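Notes for the one structure printed next.
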């Protein structure tokens, strides 16, 4: 098949490209080589066998050049994390997706399938359980609660601290950030227009994805790289809240396999799937795994800071995609070691988070407890 991977030079997109080339597909990449992510230009992992289009999702001309003449689209291009440019994030993610469909309609293209990347961010605070009152979903923690350093989500009925439980695709959504809103727009537009126009479409809600090729330059996105560049420069990783918040860390190669699986399976059409391990790991545990992988002499630091847009615990219920035959194959410990081996094979990276941290605090994206 002739396949387009938007964001194909990035973390997830580049691994999808590798799998497609291995099975003999004809691959085209659309990537703008965002300087914040690709500071040194086109990375060396972009294969010569793939046609490369340097272009921007905000340009209708660039999108038309990339989309015309392909059979399948893996739409991975995104601008996100905790970057402060809200209009850019909205335009790249939401309007950029609309441009793909605008080109399909105006050029009357015969697209056989579209797989769009969404995010766990659409769940907001996720899903919790109270030992007394049972499971529940809830609104974000208040700023006042953050400022009191009262980190755990409390049961709305009895006010007891609760525990995070896996969240399914059918759970109520809590769109608590511009990034979450933009990713939800992407998946809804993909599924709605795909159904209307007869184009098989799938949306994948990724858990916290990490692994080799995660940008070592981007200080706003990618906890694995941000922690790593600090550790490799003898600086402590900055962990928000108390470090006990849980995330579902999923290895990038497992995410790439999930993309190809849903592309191949007709019974995945017009559905949303979580892509995660189904297991929670605390941010502090993850930081210590990285510290040990680098044999670093500094420990993670919790300076009593928080991000108001953060959720406490978020773990994916992956039963829907495992029913199709997918399963995660790389443990967090093995994945961290594989990432460490990758980054250690390169010249020691610079540390960019310290400078970005000043901006994040000035814009109150990061705040300190009272």
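Within the group 292, 267, which residue is out of contact with any helix residue (DSSP H, G or I) (no Cβ under 8 Å at 6 or more places or on another chain), without any contact (Cβ under 8 Å) to a residue 12 or more places away in the chain and outside any loop (DSSP other than H, G, I, E, B)? The unique qualifying residue is 292. If you go through the range 295-306 and keep only what is in contact (Cβ under 8 Å) with a residue 12 or more places away in the chain and surrounded by fewer than 17 Cβ atoms within 10 Å (Cβ to Cβ), you end up with 297, 298, 299, 301, 303, 304. When restricted to residues that are out of contact with any strand residue (DSSP E or B) (no Cβ under 8 Å at 6 or more places or on another chain) and modelled with pLDDT of 95 or more, the range 152-169 contains 0. Taking the criterion of being surrounded by fewer than 19 Cβ atoms within 10 Å (Cβ to Cβ) and at pLDDT 95 or above, the residues of the range 308-329 that qualify are 319, 320, 322, 323, 324, 325, 327, 329. Scanning the range 333-354 for residues that are touching a helix residue (DSSP H, G or I) at 6+ places or on another chain (Cβ under 8 Å) and under 29 Å from residue 137 (Cα atoms) turns up nothing.
Residue count for the range 262-281, restricted to those that are out of contact with any strand residue (DSSP E or B) (no Cβ under 9 Å at 6 or more places or on another chain) and under 16 Å from residue 328 (Cβ atoms): 0.
Here 356, 287 are screened, and the one residue that is modelled with pLDDT under 95 and in a helix (DSSP H, G or I) is 356.
Right, residue 369: in contact (Cβ under 8 Å) with a residue 40 or more places away in the chain, touching a strand residue (DSSP E or B) at 6+ places or on another chain (Cβ under 6 Å) and either within 21 Å of residue 152 (Cβ to Cβ) or surrounded by 15 or more Cβ atoms within 10 Å (Cβ to Cβ) (or both) or not? Criteria not met by residue 369. For residue 1, state whether it is in contact with a strand residue (DSSP E or B) (Cβ under 6 Å, 6 or more places away or on another chain) and modelled with pLDDT under 95. Yes, satisfied. Of the helices (runs of 4 or more DSSP H) that lie entirely inside the range 140-247, those containing 2 or more residues that are surrounded by fewer than 18 Cβ atoms within 10 Å (Cβ to Cβ) span 143-147, 178-197. Scanning the range 101-126 for residues that are touching a helix residue (DSSP H, G or I) at 6+ places or on another chain (Cβ under 6 Å) and part of a helix (DSSP H, G or I), we see that the one that is farthest from residue 79 (Cα to Cα) is 103.
The values are calculated or read from the model by the stated rules, or taken from the named source; none is laboratory data. Note that the structure is a prediction, hence the values are computed from the model and not measured. Neighbour counts are summed over all protein chains in view; Cβ atoms, including those assigned to glycine, are modelled from backbone coordinates with ideal geometry.
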